[in-house]
Amino acid sequence: MRWESAIGVLGGYGAVGAAVVRRLLVAGAGPILVAGRDATRAEALVARMGAAGAEVGALRTDLDDPDSLDAFAARCRLVVNCAGPSYRVLDTVARAALRAGADYVDAAGDDPAAARLRDVGEEHAGRESGRVLVLSAGALPGLSGLIPRALVARAGNPVRLDAHLGGVAPLTPAAAGDVLLGHGPRHGMPSAAWRGGEVRERALPPLRDIALDAFPHPVGAFPFLSTEAVRLAEETGLEELNWYTVFGGERLAEELALTWALEGTDTAPLVAAAAEDVARLGAWYGQEFRLWEGSVEGPHSRAAVLRAEDSYELSAFLTADAALRVLEGSVRPGVSFAADVLDPEATVGSLAADGCAELVLS
């Protein structure tokens, strides 16, 4: 089999990557090239997938080796990045894709990556050459921006949105790195909220023991106005937006607060703390959005509730969906975030029919 014009999935044997590979194969996309630093894991995945007759191959590719990264991208018409952590990947893989003339989808890749790609002008980041680069195609950010857009589109005079997102899940080292370093001003602002067309600092306190339909028991919620949330508020014209991160267990929240306070960089304690929470409470993930129409006071009028057992599978759903939309040519060229370019109604419809989550809009 000649591996030319493949769909290359970097980190394709990881928690998100393997699910993306499986989903793309089920959708009939291929051939697929599974790439990553660990050739043994890549080949093991290929052996499992290939046993069913799938067009799938493996290639050792090191993020820190530009030559191997270029050799991988040169074989691809579309590069899907599932390697992390995103604060380390930044625009490295995207630029390899551009050099090879390939399109690009990133399961993570948030504002810092977009800023680096746009620093030299969008014409050099895909627009002039017709290349498509889609960032933040995961559960958060990604679905967290698409689901509320679908909810707002169904409303008359939407004025306020409250969002609660999180749960209890095991952390891979890459995911722990993003949790640890994804809290600075380039990602959002703690305790802030959106009020009257602008960010209001120190507007919200943490919430304790709140009961929400998306989560199996009362949770703690910590206000963090993400850059994705700000873009959502600007686009939809909401008067108020309150955005909360949910920790279903205590150990990860405690360990994360301590590591931030000490300005630590070791992800191992976070991985261990998340494992303790999962052992005690099980794994579950949710997103809940409550919408007010006409007035910011009183009870909410609409809601979207998502429940999932596996947040990594949920991210893989959107990453694979974004890749398929790019392949069919329905995403505009240039650098974009998934929530800004994917169709919210089509996405929530596909998600509601998918077995990876339960989604109800009311």
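The values are calculated or read from the model by the stated rules, or taken from the named source; none is laboratory data. This structure is a prediction, so every number in the text was calculated from the model and none was measured. Ideal geometry is used to build each Cβ from the backbone, glycine not excepted, and the neighbour counts take in all protein chains shown. In case anyone asks, the SASA skips ligands and DNA or RNA and just uses the protein heavy atoms, side chains included. Shrake-Rupley method; radii C 1.70, N 1.55, O 1.52, S 1.80 Å.
Against the longest principal axis of the chain, how steep is helix 268-281, in degrees 0 to 90 to the nearest 10, with axes from Cα atoms?
Here the helix axis deviates by roughly 60 degrees.
With contacts defined as alpha carbon pairs under 8 Å and 6 or more residues apart, what's the relative contact order of the chain in percent? Present the calculation step by step, with values, prior to reporting the outcome.
Numbers: 796 pairs, mean separation 73.1, N = 362.
Over the chain, the number comes to 20 percent.
So how many Å³ per residue does the convex hull of the Cα atoms of the stretch 200-239 work out to?
Value for the stretch 200-239: 99 Å³ per residue.
Can you pull the Kirkwood radius for the chain, inverse mean 1/r over Cα pairs, to one decimal in Å?
Numbers: mean 1/r = 0.0483 Å⁻¹.
Computed over the chain, the radius equals 20.7 Å.
Please list, in order, the residues from the stretch 5-27 whose amide nitrogen is less than 13 Å from a point placed 7 Å along the Cα→Cβ vector of ARG77.
Backbone N within reach: 5-8.
Residue separation times 0.36 nm, minus the C-alpha to C-alpha distance between GLU239 and ASN157: what's the value? Kindly include the intermediate steps, with their values, before the conclusion.
On the way: separation 82, 0.36 × 82 = 29.52 nm, distance 1.05 nm.
Extending this stretch completely gives an extra 28.5 nm.
Using θ = phi - 60° and the Karplus form 6.51 cos²θ - 1.76 cosθ + 1.60, what ³J(HN,Hα) does each residue of the stretch 139-152 get, whole Hz, x for Gly and Pro?
6, 8, x, x, 4, 5, x, 7, 4, x, 5, 5, 5, 5
Would you grab the residues whose amide H sits under 5 Å from the one on TYR244? Only those 5+ places off in sequence or on another chain, please, with H modelled 1.01 Å from N.
Correct list: ALA163, HIS164, LEU165, PHE224.
Using a Gaussian network model on the chain with a 10 Å cutoff between Cα atoms, which of PRO31, PRO190, PRO218 fluctuates the most?
Among PRO31, PRO190, PRO218, the largest mean-square fluctuation in the Gaussian network model of the chain belongs to PRO218.
Considering only protein heavy atoms, what is the solvent-accessible area of THR40 at a probe of 1.4 Å, reported in Å² to the nearest 10?
Only protein atoms counted, so the area is about 100 Å².
In whole Å, what are the extents of the stretch 303-359 along the principal axes defined by its C-alpha atoms, from largest to smallest?
Over the stretch 303-359, Cα extents along the principal axes are 33, 23, 17 Å.
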